[in-house]
Each structure stands twice: as C-alpha cells, then as structure tokens.
1. Which entries of 179/346; 151/245; 343/382; 401/595 have Cα-Cα distances beyond 28 Å here?
2. First measure r as the distance between the Cβ atoms of residue 242 and residue 49, then evaluate 1/(1 + (r/R0)^6) with R0 = 56 Å and state the FRET efficiency to the nearest 0.05.
3. Residue separation times 0.36 nm, minus the C-alpha to C-alpha distance between residue 199 and residue 398: what's the value?
4. Could you tell me the accessible area of residue 506 in Å² (1.4 Å probe, neighbours in place), rounded to the nearest ten?
5. If I stretch the segment between residue 513 and residue 87 completely, what's the gain in nm (0.36 nm per residue apart, minus their alpha carbon distance), one decimal?
6. 5 Å is the cut-off here: which amide hydrogens, built 1.01 Å from N in the peptide plane, fall below it relative to residue 373, excluding neighbours closer than 5 in sequence?
7. Counting only protein heavy atoms and a 1.4 Å probe, tell me what percentage of segment 15-107's accessible area is made up of carbon and sulfur.
8. Each residue of segment 77-92 in order: what ³J(HN,Hα) in whole Hz does its phi give by Karplus 6.51 cos²θ - 1.76 cosθ + 1.60, θ = phi - 60°, with x for Gly and Pro?
Amino acid sequence: MAKHYRPPGKKKEGNAARYITRSQAVKHLQVTLPLFRRLCILKGVFPREPKKKVKGNHHTYYHVKDVAFLQHEPLLEIFRDKRAYEKKIKKAESKKNPDLANRLRTRIPTYTLDRIIRERYPKFVDALRDLDDCLTMVHLFAALPALEREKLEVDRIHNCRRLSHEWLAYISRVHKLRKVFISVKGIYYQAEVEGQKVTWLTPHALQQVLPEDDVDFNVMLTFLEVYETLLTFANYHLYHSINVKYPPILDPRLEALASDLYALSRYIDANSRTSVVDPQAPTMSGSEQVETQQKGTEPDESDLRLAQLQYQLPLNEPGVLMRLAEDVAGEDEEDEDTRECKKLFKSLKFFLSREVPRESLLFVIPAFGGVVSWEGEGAPFKEADQSITHQIVDRPSQGHKFLSREYVQPQWVYDCVNARIILPTENYLVGRVPPPHLSPFVDNEAEGYVPEYAETIKRLQAAARNEVLPLPGVGKEDLEDPQKLLVEGVIDRAAANEAAERKRKMTLEQNRYLDELKVEVDGLQSSSTGLDNKQTSKEMEAREESEPDIHRIVQDHANMSKVVMSRNKRKLYEAMEIGKKRKQAHVNLLKERKKKIETGQKFES
C-alpha cells in the first residue's frame, strides 16, 4: 500500500510541531489522565506556555520532547503491569477465589524511585537547591493524622516524621540553622548547608483538620513519594559527611516517650565518637542503606543493645546532653557564621515547661550551643536542677519560682537567634506583653520602613561589637566631628588629630572650589553689563523668579525620557513607578498606624 504524504504547505511547523495538548499526550502514551499526571510528577515534566497556542488558550500544552521522554520511561511498563494485576485481583475477588487473589497480591510488581532521583539530581548541590518544597511537604505530612479514606497510612506518617527528625537532628548537630520566624502559617526555618540556603515551613503542633473536597490528596501523595526518596538520599549523604551511620537505630524507650529528636542527638553523639575511634569500621553502601530502610529490615540484636546502652550513659555528660557544646574534629573548617551560632547559648542551660512548643525549642536551642531539658520522662535533667539559667514559660503567671534562673517567654529564644546576641530579658518576662516579633526574612532598608524595635536591636548589636552608632536625633555628621569623639572617649588623641587634619583639608578644598566659582560669576557680571547695582539686583531677582522649579525640571526630564522609550519599556517603567508608589503608600500606612498607637498610649497614660 502506498504511503500517504502530507501535501506541501500542510506540514506542521513552529509551535504546532513543538507542542501538543494534554489530551493528545495522553492518547499518544495510551495511559489514563491520573497515570499521566503521576508520571509527569515523578519525572519532573511540567506544562509549557508557547507564545502562540495553536489549539486555543483553554488547553494545557506539553513539549513533544517531554512526551517522548515519558514514552521511554521504564516505570510506564511497571504501571501497566500493576494495572493488569489489579484487574486480575478484582476478577478473582468477584469470582470468590481468595487464594488466587492473595497469590496475585504477593506477585504484584513493585518499583523504587532511586534511579529517577539520581537522574533528576546528578549532583548533591542540585538536590539541596530543591529541598525547600521537599522539607515543607514532609513536615506537613508528619503532623497530619492517618486517614484511610484519603490513603494516608500510619506507616507513611511515621516515615515522614522519622525523616523530618533526622534532618532536624543533623542541622542542630552541625549548627547550620540561621533564621527562625514564627507566623500564623507555622514556623519558618532557614539553614545553610554546603553553601546553599534551605528554607522550609513546619506547621504548629496543633490538631490538624483536613479539608474534604478542596485538596487532591492523590497529587500530594505522588509528590510526597518523590520527596521521601529525595530526603532519604540527602540524609544519607549528610550523615555520612559527619561519619555517622545511616539509617540511625534509636533507643526504643525514648521512641516510646516521643523523644525522637533527643534520641537522634544521642545516637549521633555516640556514633560520631565511635567513628573517630574506629574510622575503618565497615559500612553499607548508599543503595543498600536505602533498600534496608525501605524494606523495613529488623536491625541486629547488637545494634539494639547499643541503642539501649546509649540511654544508660551518664546524663550529666556534656556530650550526651544533645551534643551541644562539643563538636567533631573539623572546627578549623567551620565558617564564621557557624562559630558565631555555636557560641550563642554556649554557657546557658534551659528548661522547657509543658505548654511551650517543645519540638521547635529542642531543635533551635541545641543548634546555637545551648543545653536543654523538658518536663516529662526521659529528660536529661529535672526542673529542680540548680544549674538551670533560663526556664521557658508560656503562661500568664508562674507559681513556684527558683531565684537562680530567669523565667522568659519562648519568643525571647527566637529573637536572640535572629539578632545573634543575648537580648535583655526584661521585656520577655512572664506575664508581660513581649515586643513585636520581627521577621528576619525582611530587609527593612529596602522596604523603606525600619520598626522601632529593629533600631533597638541594631543598637544592642553595635554595643555588643563595640561599634558606634548615632543616637536618636543625631546624624552621622555629629560622629564625624573628631573633637566630640575624643571628649566622649570613643577614639584616642592620635586618631582624633588625624581625623581633624583630614577634615581641615577637605574644608580647604571645598572653600577653594567655592571661591573659584565666585570669581567666574563676578567676571561674567562685570563684562556683560555696565548698569548700576540696583538694576543688577533687580535683574537677579527677576531671573530668580523666572527660573523654573527643580521638581518641575525633574518631571520634564522624566517625561522626555518616557517619550523616547519604546512601548514595552514605557509600560515596564510605569509598572515600576506604580510599585514604588504602592511601597511608599504601605510605608506611610505603617507610620500612620504607629502614630495612632503612640497617641492612644499617651491618652491612656
């Protein structure tokens, strides 16, 4: 039979040949729409936006090469085999043959995503750059309840909780946490791992209510499947970078007491010491570790006994208390931020009351060098310990108090972390309204509005670093006067003399320039006219009146610039101007609110 060729002029070219719609892609791959959506999520294929949409604006478009990429995916055949087995199982159950159905369930094909993770992230840095959504999703599912109707299994929730705790334990162990912010959505964290900033959001420790129709859990579970494997590989790499075996084997008693984070810290402490003593100890490969973890293989009896012995270590040992003050033999390679964060709470000992967010504080305080305990079984030390310096309380009043410690609210810890200094505790005492909790992710200078408490923190930071900042109402020009600095004892006499000489030279240069300008102006006036001084003064006044306003000149210049612009650049410039006006309006609104609050406080007092 002769081939049918496309007539000339009817050949597909351009966007019509490069992009196809979603329905065409599903028909081409011969799969269902949910399976196509799952394949796209696993392989990282996303819709495209062509410049010219051939089929219309109401279609979703994919690149032809992306569809061909999915067509050669081995998982496609596994999913087809699984669908065939599911049909056989359903047929056996309809024929009331349970033996055949159970036998088919044992033979159903399985798959892993290890190859896809290595394919999508050839380097570890690529995986770190994509960890933001991964950590947020894993921490979200770790806080959700198990529901059969949404296919949220208990093992899945426990696995997410274990992975999240492993990540938090590593960040706390290497002191890589940089920023913390408490918001209505949850708690934002930012860590710096191998030069990459990783930001994630954890929900508050409250009862979660799941929406029934607003969220498609099938899509979220598919994303979670990828993120679980990705975080497993990331944790494996990070734990081996500090000479710790992975996956960790925890003390069952601490696990039963819901102290997983503390148990992980003790495991890392004990395991890193063993690695330093015996660096030639045999370890499993990465794929074997992941397979052992995913298959749920039971650990050896010796490993379980080792995990139980970790709990029997003396609790007053500094390394056992969550490995907070000591570190491995890599201190010389630490950067300046890590050394600063490591010493923030170094000499402080905290105790957490039962109403505070325990898991968050157990993560943040050790990450900045502090020692922490809590109220309950399995705690390192009790509330009556006299060496406790701070007790974190979040209640209106505290009944029994120890005079040897300070009782502060949890916000004090987070504000100290963001400011990188130990803030005064007067404003954070029990029963007082704390100062505003400022976000470390906002650049106040770029926003154009600096809150009052941010200026207070800046002055405390300058005092801690022995820097000089201008006082309220005093400009930088006052600090430039060397005599004032000498009188106030900020600089010595030699530095004051050098600053005075430099200032004198600059003043002489400025006066000389002004004199030259005056001579030029006087020469022009004497040669141009011979009128008397009264007429000259009248002309100067008339000239001053006829001179245009400086704001008018700037406005005319901007209008002329807009005239010569192209249409696209002019629209972009107008959008930028609108954004600046909107930002300025927001700043004015904040200042107005601040003024109203201050007025109300004065009226009440």
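The values are calculated or read from the model by the stated rules, or taken from the named source; none is laboratory data. Every value quoted in this text rests on a predicted model; they were computed, and no experiment measured them. We place every Cβ from the backbone using ideal geometry, glycine too, and count neighbours over all the protein chains shown. We work out accessible area using only protein heavy atoms, side chains counted, and drop any ligands, DNA or RNA first. Shrake-Rupley method; radii C 1.70, N 1.55, O 1.52, S 1.80 Å.
1. Numbers: 179/346 18 Å; 151/245 32 Å; 343/382 24 Å; 401/595 39 Å.
Checking Cα-Cα distances, 151/245; 401/595 exceed 28 Å.
2. 0.80
3. On the way: separation 199, 0.36 × 199 = 71.64 nm, distance 3.51 nm.
Result for the pair: 68.1 nm of gain on full extension.
4. My reading of the accessible area for residue 506 is about 130 Å².
5. Values: separation 426, 0.36 × 426 = 153.36 nm, distance 9.30 nm.
Here the answer is 144.1 nm.
6. Distant-sequence amide H within range of residue 373: 350, 351, 352.
7. In segment 15-107, the share of accessible area belonging to carbon and sulfur is 51 percent.
8. Here the 3J(HN,Hα) series is 5, 5, 5, 5, 5, 5, 5, 5, 5, 4, 5, 5, 5, 5, 5, 5 Hz.
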